[in-house]
Amino acid sequence: MSRAATSSSIGRARRRAVLTAASTLLALLAMGLGASSASAAPWDCDAFGYLFQAPTGSPPGEIQQIDLATGRFSTLGSTVPDDVLNAVGYNVLDDYFYAWDLTTSSMVQVNDDLTLTPVPSGGFPGGVVGDVDDRGHYWAWTGTDIYEIDYAPGSPTYGQVLRTTPIGAAPPTITSAGADWAWINGFLYMIGADAANRSHLVRVNPATGARVDLTPGGFGFTNTGVGAVYADANGYLYGSDNATGNLVRVDPRTLRFIRLPTATSANSNDGARCASAPIPTVTVTKAVDARVRAGDQFTVGLVAPGGRLADSATTSGTDTTASTVDWPVTQNGTYTITDAMTASSPTPIGEYVQSIACVDRGGNPVPTGGNVGSWTLLVANATDYTCTVSNRAAADLSLVKTSSPSPAIPGTNQTYTLRVTNNGPSSAIGASVSDPLPNGLTFVSATQGCTFANGTVTCSMGDLAPNATRTFTVTTSVAADLGAGTLENTATATSETPDPDPGNDRSTDRVPVDPRADLSILKLARSNRPVPGRELTFELTVTNDGPSVARDVRVSDPLPDGLSFVSASQGCSFAAGTVTCTASSLAPGRSITYTVVTRVASSFTGTVENTATV
């Protein structure tokens, strides 16, 4: 009969349908007892805890509804009649509370309108603590014996004592075994105390009555008397301290406990809830994809409505994860998930790419709101939520490479400018630029921070802050013999920090190559007084004043009237009245001399004028 859990309202259910099991009514009629209210109905199996107490120690007895995640509570009212109840347990099979009525010394069923219906108990003498297991069996401790009573609807043994077991000796480590217990996975759990008022988790075996102290050294939180405990669907035990109202949650499997907000203080009390109802939780996990600096540490937090920090977790050393506990929260509450750097971290949080992804217990994505680093999560359902906050270091380096002059002239210097910008968001740790010089370029000099080795210019800039720019200048010499074409030079910017956009890390400068050679020619005759009928020798000296290598050098020397060709240096030829001398190349600053021998016509008179061109 257990229904889906809900906690959408602080008020208790007011359903009017009479849902009491037929077998229960038959048993009551057989005893001559009837339901105390025609409107009595089961309770909602919700996420709340219910505290039954008598503040003055005597009637009236009242019932309070407690949000175990926040400590907020509401008094539903007094029982009808005003009896004091103890050893209360919630039966998930019919959604009624069962309790020992201290006022009438009888077992009663507590209805959702706070009326009490007597139920048979098979001669049970009364208990000090009690709870109902998942089979509808009520387990109560009288102080000496454990009673098992059947309250499973429709059972032929309904209201009968199934067995009685003497309880085992109290563990020697505790002075108080606890004032309430809860059924969890086949055992009964209590929170006791030692002489120093330290809490101890005590487990009771219902089959044998044996009691075991699971925490002989104590829990570390003060226990002045935990008079109410509750179990939830995740197998956790919640305890409420009578005097202070302090709430704790204990995991019987790991023995880990957490302190929850303070609820109501109590007296002459007992607690119970629907153990099959989940109490929603939120777990915040940190995932560090990469650090900007090795000393960076992160803290994630879960903040409850109203601004109270519920729990936090901080990374340390080289850890890439940290996690809060699965903190209990209130359904329909809006919680804030924070992400921050520790005070000692050298890098501000703004240098990280922050993201969050939340899923419910089934792995379904859950939307978040708020702002980056302070996200909000609406706990819409009674389930467990896990939110993973990721931090990723990312330094988007961009490189722009330019050169001058254009075109590049072989035999002269070519100057490159390397401009590196960190577009962030993280600092670029150990940033540098690598510029392998291509064939045809020789390193000349570079600005401070640059070195040259093995054909590569490397410019180091250390840590480049977000939005910062560094500019380097590299001067090279273009080989004088470089031919016409395109000079291509590629540089790359890198850092230790991951780059989200490697496409702009490389930059290539392409500049046309235009060789230029300043050639000059000097022609001299070996005799200033040519003699008709005799030879006249000319020397033609070609010089390359650079800056580039001159290729396919050609000297043309048309012979004038009165001169005839006799011979010339190697590399020269004569045709159609013209002496032609060629060289495949001539380096800058170098000269080459050609000799041309001619004969002056015997009838020639006047001045010999001979012009050559290179």
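The values are calculated or read from the model by the stated rules, or taken from the named source; none is laboratory data. Being a predicted model, the structure only gives us computed values, none of them experimental. For neighbour counting, all protein chains shown are included, and Cβ atoms are generated from backbone atoms with ideal geometry for every residue, glycine included. Surface accessibility is based on the protein's heavy atoms, side chains included, excluding ligands, DNA and RNA. Shrake-Rupley method; radii C 1.70, N 1.55, O 1.52, S 1.80 Å.
Here are a few things to note about the model shown:
- Net charge over other residues, Cβ less than 13 angstrom from the Cβ of Ala179 (K, R count +1; D, E count -1): -4
- Between 0 and 90 degrees, the angle of helix 22-31 with respect to the longest Cα principal axis of the chain falls at about 20 degrees.
- Charge dipole (region 323-435, unit charges on Cβ, about Cα centre) - positive-most of Asn332, Ile356, Ala380: Ile356
- Sequence ranges 76-83, 532-539, ranked by mean other-Cβ count within 10 angstrom, highest first: 76-83, 532-539
- Cα centre as origin, Lys/Arg/Asp/Glu Cβ charges: the chain dipole, Debye: 1780
- Environment charge at Thr338 (Cβ cut-off 13 Å; Lys +1, Arg +1, Asp -1, Glu -1): 0
- Region 120-258 - accessible surface per residue (Å², probe 1.4 Å): 35
- Taking a point 7 Å out from the Cα of Asn439 in the direction of its Cβ, the residues of region 391-425 whose backbone N falls within less than 20 Å of it are 408-412, 414.
- Extension gain for Ser406 to Thr368 (0.36 nm times residue separation, less C-alpha to C-alpha distance): 8.1 nm.
- Solvent-accessible surface of region 271-344, taken per residue with a 1.4 Å probe and all protein chains present: 35 Å².
- Distance from region 142-157 to region 492-525 (C-alpha centre basis), Å: 94
- An ellipsoid equivalent to the chain, defined through the eigenvalues of its Cα gyration tensor, has semi-axes of 105, 21, 17 Å when rounded to whole angstrom and sorted largest first.
- The chain - percent of accessible surface contributed by carbon and sulfur, probe 1.4 Å: 50
- Debye intensity ratio in log₁₀ form over the Cα atoms of region 61-208, taken at each q of 0.20 Å⁻¹: -1.30
- Highest mean first, the peptides 166-174, 235-243 sorted by other C-beta atoms within 10 Å per residue fall in the order 235-243, 166-174.
- For the pair Thr285 and Leu255, label points projected 7 Å from Cα toward Cβ lie 2.6 nm apart.
- 5 Å binning of all Cα-Cα separations within region 299-389, expressed as whole percents from 0 upward: 3, 13, 25, 27, 18, 9, 5, 1, 0
- Gly301 sits among other residues whose Cβ lies under 14 Å from its own Cβ, and their net charge, with Lys and Arg +1 and Asp and Glu -1, is 0.
- Rg over Rh for region 405-504 works out to 1.03, using Cα positions for both radii and the Kirkwood form for Rh.
- Note on the chain: helix-only mean residue ellipticity at 222 nm, from DSSP H runs of 4+ residues weighted -39500 (n - 2.57) and normalised by residue number, equals -500 deg cm²/dmol.
- Two-site label geometry, Ser591 and Asp501: point separation in nm, points 7 Å out along Cα→Cβ: 6.0
- The label-point distance for Ser78 and Ala575, in a model that sets each label 7 Å from Cα toward Cβ, rounds to 13.5 nm.
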